[in-house]
1. Could you state how much accessible area MET446 has, in square angstrom rounded to the nearest 10, with a 1.4 Å probe and all protein chains kept in place?
2. Leaving ligands, DNA and RNA out of it, work out the accessible area of TYR109 with a 1.4 Å probe and give it in Å² to the nearest 10.
3. Send over a whole-number figure in Å² for the accessible area per residue of the range 135-188, probe 1.4 Å.
4. I want to check the label-to-label distance for ILE366 and SER315. Put each point 7 Å from Cα in the C-beta direction and report it in nm to one decimal.
5. Can you give me the distance in nm between label points at THR337 and GLN128, each placed 7 Å from the Cα along the Cα-to-Cβ direction?
6. On alpha-carbon atoms, Rg over Rh for the range 192-262 using Kirkwood Rh?
7. Expressed in nm to one decimal, what extension gain is obtained for the pair ASP138 and GLN405 from 0.36 nm per residue of sequence separation less their Cα-Cα distance?
8. Show me the three semi-axes of the equivalent ellipsoid for the range 8-57, from the C-alpha gyration tensor (sqrt of 5 times each eigenvalue), largest first, rounded to whole Å.
Amino acid sequence: MPILAGLDALRERSALNALLDSNERFDPPKCDPDTRLAIIDHIMNWIKSEEQRASMLWLHGPAGAGKSALEQTIAELCRSQGVLLASFFFSRTIPNRSDGNSLIPTLAYQLMSAIPLIRSYVKVYIKQDPNIFHRTRDVQMRKLILEPLNSLRARINVYFKKKMASEGRFPRVVVIDGLDECADPKVQSDILQIIFYTIHNLKLPIRFLLASRPEPHITHIFEGRQQLPHISISRINLAFDQNANKDIHTFLVKEFQKIRRLHPELSSSWPLEDDIQALVRKASGQFIYASTVVDFLQSADHRPDDRLKVVLGLSPPHDNDAPFTQLDALYSYILSTGKNIQASLSVLALLILPSSRPQVVSLLGIYTTPYMLERLLRLRRGDVRLLLNNFLSLVTFNGSREPIQIHHASLPDFLCDKDRSGPYYIDIQEAEKNLARAFLRLIHEMKGKYTGLDPRFILNYLAPTVGLCRLTGVTDEAIQVLSDLDIVALYCGLINRSPWESVHARNALMVLLHTHHELAPLESSAYKSQLTEVELDKLWPNFTWQHEPFPAEDPTSVEDVFILVRGSLLEREKFTSDILSGTEHKSGFYNRAKKKDIRYKVPGKGRAMVFLSTFLDDRPDKVEQWLIHTYGRGARLAGVLLLLGREGFSVAHTPGDN
């Protein structure tokens, strides 16, 4: 066999188009000068550290966060400083860079150039076993890389020391980018396990810099490597890069300067700083958005200022204009990996509602936890995680009771634009209605479960849902669901809560009254018939009166007061009353406050309720404490139930039939 025959075989099996300086990778993404400086410095310090064992650094983050640009920049920097051993850049669109089979031969081929001492060892082994390239990746790694390096480690260490003495450096880092771009997740996992094994057994201080998205199978291996607990692995999560927005701003400012030089017709003040900040916010830390915008603006055939208006949504796109082609391709690819895409889109629809419809958040608060989403969508525990498992480069889980976070502010724009998202389109208005109906199902499930009712159910579900139903036009369903509830039992269930839950119960009662007030104008006979059964006599035993001093503070009167009795809101009827001037109270409260006596008549009952004091205070917690201390739970709740101001509280007086 000729002396180079074995090495020729190795070269033939290598993917030379996956190397750092491959012509096929012409103009690869890289970090703009003056950006990512802290991360680059951190990685270079790790590479050049004096740690004498092999180690790995996993660079991961959301899709479009700039992982490949960082890998390219680091690899180029390492090559210029003489510390690069080998590189491999995966690409899902190119066969020999996506199947995983060429990775190890390509690394071995480069190692022989960087460390000539192992060349003859590898050549001899290939001669002895010409079928090595048909064996498992594990065997290839051991025979072509691990064993040659370990067998010659003494000589290699001498070689490294000489290089260090003469040049102040020696080759030590292997750069692997885009492991998740390898087509088969099982192959990705196999490669990662092989690298772990190599690091554990390698007896030279070689660094492996690996970049990938945090796909579930990859993350699982990193977090569950119990069989190799002692290998040295560092991690950098670009999702937590605190300088990302600042770096994106720097990148945009420089690119806009270049665009202005190419288009002298543009004003020196273009674009406005507010426009740049809007782009930074929309990028949400992901460089792919910023670079996509710049590519779109750099067209020589269009005015950049007009195109920027399209990007910012201030003007409609012209025919055949596609501002976010690169970004759309990325999103479409990630979503195409979903196993049950329609079910996944139903979850994503609820996740993007808060950003697409802020008023939903103001009504419902945070409902985007896995726990709540599974309740709303009638899924089993753990289903949300399974449905979004392939999209972890777009979202992040923080626990079953913590909100799921969307990394990309531009993702809702993509999903809600049918022309951009195609089969992944989400009708946001239909999503709102589905959310309202999902909450109505939760309320319907409450039917008959009034004993021990948690008042937070009213606060978190019932009242906000009614507001959402009104917003989305799902009022008929809302009326039907509320008509099925036992309103009397609902009120009594709240009134009878323990004092420890007094604040929640008070707020729930107030919200419930407002809810009834919201639906009253809907003229539903079924709903009003249900409310007619709310008779004051059924609630009366819960109200008590105690003759106690009033507080020293001077509260002011409430403008709007609502009483819900016998199916309708009573109009406030203010009787002519004398200024209260009772001197029997030690605090002298009446002399100072000059409160009016406001009476309300209950039709058909021959009874009036007298409210001796109405509070409007910016500190409701203090008023609540005073009510509990002074009048006890019954009087406090009676006041909340029967007299309600937008921000006020009242105390009920029941002196018999007035």
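The values are calculated or read from the model by the stated rules, or taken from the named source; none is laboratory data. Keep in mind that this is a model prediction, so the values were computed, not measured. Here the Cβ positions follow ideal geometry from the backbone for every residue, glycine too, while neighbour counts run over all protein chains shown. These area figures cover heavy atoms from the full protein model, side chains too; ligands, DNA and RNA do not enter into them. Shrake-Rupley method; radii C 1.70, N 1.55, O 1.52, S 1.80 Å.
1. Rounded to the nearest 10, the figure is 10 Å².
2. Its accessible surface works out to 60 Å², give or take rounding.
3. Roughly 47 Å² per residue, with all protein chains present.
4. In this crude spin-label approximation the distance works out to 4.1 nm.
5. Here the modelled spin labels are 3.9 nm apart.
6. Computed over Cα atoms, the ratio is 1.21.
7. 92.4 nm
8. Gyration-tensor ellipsoid for the range 8-57: 28, 21, 6 Å.
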